[in-house]
Structures are given as C-alpha cells and as structure tokens.
Amino acid sequence: MNKKKIVKTQMRINGVVCDVEYAAKVRKKPKKKLETSKIVLFAVMLTYFIGLFYGIRVVDIILLTYPEWAIQALLGLLSYIGAPISVSIAFYSWKAKNENMKKIEKYDSQDE
C-alpha cells in the first residue's frame, strides 16, 4: 500500500496562474542496514564483558577459599576470553580496511 501526500503548487495554464493539487507518492528513506560483522563484533564484546564480570566474581570466591590459586584462575579466564576478542577485532579491522580501499579506488577512478 503506497502512501500518498497532497502537493499544492501553482501552474500556468493558457496564461492563467492556477492553484493545482495532486497526489504524490511518499518515498520512504532507505533504512540503514545493520551489518552482520558489527553484530558479531558487538556479541563478542558483550560476551567478553559478561565473562569479565563473572570471572571477577569467581576469582573473588577462589581468592577467599583458595588464595594460592586466584592468580592462575584469573589468568586462565582472561586468556580464554581475550583470545576470541583479539581475533574478532583484528578481523573486523581487516574487513573495514578492505571496504575502505574499494571506496577509495572507486572515488579515485571517478576523478580521472
């Protein structure tokens, strides 16, 4: 179902200025597409912070019950969560660089 809006204007018809109304289609603005890579990066970062806060709580409990194992538990947790984070950020940066290079090449070819 197309929405229409009424447009009012003046037109010259046979030398006479007339007020004219006509129905015009309302064009929808294109929605910005949410990119999958941004969703994945957001999900990985969210997982990192949830894991970080949960890990701090676990390490706190370990610190109270087994103080000699607290540092090992924290290092294990951070490396387990940090590895996917570093890979996903590196991938996203590489992908963005390649997309920007295509845009720059397209812009440069239009200048010539």
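Just so it is clear, none of the values below were taken in a lab; they were calculated from the coordinates. Computed from a predicted model, the values in this text were never measured in an experiment. Positions of Cβ are generated from backbone atoms using ideal geometry, with glycine treated the same way; all protein chains shown enter the neighbour counts.
Pop the C-beta distance of Leu64 and Val40 into the FRET formula with R0 = 35 Å and round what comes out to the nearest 0.05.
0.45
Give me Val87, Val44 sorted ascending by neighbouring Cβ count inside 10 Å, so fewest comes first.
Going from sparsest to densest Cβ surroundings: Val87, Val44.
Of the cross-linked pairs Lys38/Lys103; Lys29/Lys97; Lys38/Lys102; Lys8/Lys31; Lys28/Lys103; Lys28/Lys95, which ones have a Cα-Cα span greater than 23 Å in the structure shown?
Check vs 23 Å cut-off fails for Lys29/Lys97; Lys8/Lys31; Lys28/Lys103; Lys28/Lys95.
Given a Förster distance of 30 angstrom, what is the FRET efficiency for Phe53 paired with Lys103, based on the Cβ-Cβ distance and rounded to 0.05? The partial results should precede the final answer.
Working: r = 38 Å, r/R0 = 1.27.
According to the calculation, E is roughly 0.20.
What is the Cα convex hull volume of the stretch 36-111 when expressed per residue in Å³? Spell out each step's value before the answer.
Working: hull volume 5.5 nm³, N = 76.
That works out to 72 Å³ per residue.
Sort the following peptides by mean Cβ neighbour count (other Cβ atoms within 10 Å, averaged over residues), highest first: 48-56, 29-37.
Final packing ranking: 48-56, 29-37.
Which one, Gly82, Val59, Met45, projects farthest toward the positive side of the charge dipole computed for the stretch 36-111 from Cβ point charges (K/R +1, D/E -1)?
Met45
Pairing the Cα long axis of helix 36-65 with the longest principal axis of the chain, what angle in degrees results, from 0 to 90 and rounded to the nearest 10?
Helix 36-65 sits roughly 30 degrees off the main axis of the chain.
Per DSSP helix of 4 or more residues, -39500 (n - 2.57); summed, then divided by the residues of the chain. What does that give at 222 nm, rounded to the nearest 500?
Calculated mean residue ellipticity at 222 nm is -23500 deg cm²/dmol.
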